[in-house]
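A short reminder: the numbers here are calculations on the coordinates, not readings from a lab. All of these numbers come straight from a predicted model, not from anything done at the bench. Positions of Cβ are generated from backbone atoms using ideal geometry, with glycine treated the same way; all protein chains shown enter the neighbour counts.
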């Protein structure tokens, strides 16, 4: 009788929450621990509370290990984040990408680093371009940056904390950093001229085993010496990999959480429009993936309000459609296809809490639909993450895209299936397709009329 495969632990560091999940050898979720992702206000600037999170990770692994045979740990983390190491320690705290970068530094940076034609990395606000963070850190903290020996992208920083190994990986390198050229598969001219490329450790596949847990981690957690730590992956790319690994046809993954990221396999690089917050991500195999995004989780919360209880149903869409309430972009300033818009709701005073939730879901579906149009997305559409459990959002999106099949993933986090796929690739096995549920569309004719009215009110910038 074949012995069961060991369990996999997935460390998923999101912008809003961190999760530590255990899945069995077949990818079935067994247990999840969760906490908020803490950000310190400074000094010296807004930064991630990495030590507090690492202590929580070790305590969580110690607890989970007593109930599950953990054979692998896969770090997954949000983008636009990196750690500068000086030897074994941080040269500076890990900067939070919502830190405002001084205007003077941004202007100087843009003169040196803007190269959308080669990087597919649009100009983004605050610190959402990783290169902009690094440029300002060097200007503001020259002594500390001069001591830096290594530049670790976010997932690989956690792989380092767990194993002591320093590696780089392309999904985070290619996530609107200005540091990577997806078509060339190499650091950008800016990264080379500024010296950042010299600080990058060797680039390895996301599924590469970088080592075992360090002796200190094993002593604090009880993990076995034959447990393996994988290099890890950018979170939206983890959601994408779960579908990309087993298929080659055209399709689109809509990864949802704090960000809604539409990643269209088979779309054309030439479709990218920098001014609409479109970009080229890089998948785990190194290929460019035309993408578009907006801060959907925050926009949803701003529209739904504090009184919204649970995810709205498709039935909750009815009063919004009949009463004509509209939500117009934008409600979060982190980018998206409608730059410069000032979010507002129109004729929505009659809606109760469920109705406001449905209005928020419909708004997010309309912006997602715009992103898909801009990309020229073809084939199936798969919704991953937080909005996969939002029936109103899924039904509205399916009604807005009646010529494409829309399905939702049963992986509630949108990243665990991708982490499981990495473990399968590490084992030399083809990943299995994730479990999906087809979505029945809300009335396409009604939605088509609503969309026309919404786009007219948004203005000509809504025309894809």
Just subtract the alpha-carbon distance of residue 435 and residue 271 from 0.36 nm times their residue separation and send over the number in nm, one decimal.
-> 56.0 nm
Order by neighbour count: 234, 78, 17, fewest other Cβ atoms within 10 Å first, most last.
-> 17, 78, 234
Rg(Cα) of the stretch 231-359 divided by 2.2 N^0.38 Å?
-> 1.22
Cα gyration tensor category, rounded, prolate or oblate, for the stretch 236-462 with a/c compared to 1.5 = prolate
With everything on Cα atoms, drop me the angle between helix 154-163 and the longest principal axis of the chain, reported from 0 to 90° to the nearest 10.
-> 30
Fewest-first ordering of 15, 166 by Cβ atoms within 10 Å yields 166, 15
222 nm mean residue ellipticity, helices alone, for the chain (DSSP H n ≥ 4; -39,500 (n - 2.57); rounded to 500) = -10000 deg cm²/dmol
Expressed in nm², what is the orientationally averaged projection area of the convex hull enclosing the Cα positions of the chain?
-> 21.4
Compute the length gained on full extension between residue 66 and residue 5: take 0.36 nm times their separation in residues and subtract their Cα-Cα distance, giving the result in nm to one decimal.
-> 20.3 nm
Here the FRET efficiency for residue 88 versus residue 226, based on Cβ atoms and R0 = 25 Å and rounded to 0.05, is 0.55
Percent relative contact order of the chain, based on C-alpha pairs within less than 8 angstrom and at least six residues apart?
-> 13
Compute the relative contact order of the stretch 7-231 as a whole-number percentage, counting only Cα pairs closer than 8 Å that sit 6 or more residues apart in sequence.
-> 20
Rh (Kirkwood, all Cα-Cα pairs) for the stretch 66-163, Å, reads 14.9
How far is helix 50-65 tilted off the main Cα axis of the chain, in degrees rounded to 10, range 0 to 90?
-> 90
Which length gain, in nm to one decimal place, applies between residue 39 and residue 456 when the Cα-Cα distance is subtracted from 0.36 nm times their residue separation?
-> 146.2 nm
Against the longest principal axis of the chain, how steep is helix 235-244, in degrees 0 to 90 to the nearest 10, with axes from Cα atoms?
-> 80
Virtual spin-label span in nm between residue 140 and residue 350, 7 Å along Cα→Cβ = 4.9
Residue exposure sequence - 163, 345, 271, 435 - by fewest surrounding Cβ within 10 Å | 435, 271, 345, 163
Label point distance in nm, residue 198-residue 306, each placed 7 Å from Cα along Cα→Cβ = 5.2
Distance in nm between label sites at residue 448 and residue 54, each 7 Å beyond Cα in the beta-carbon direction?
-> 5.7
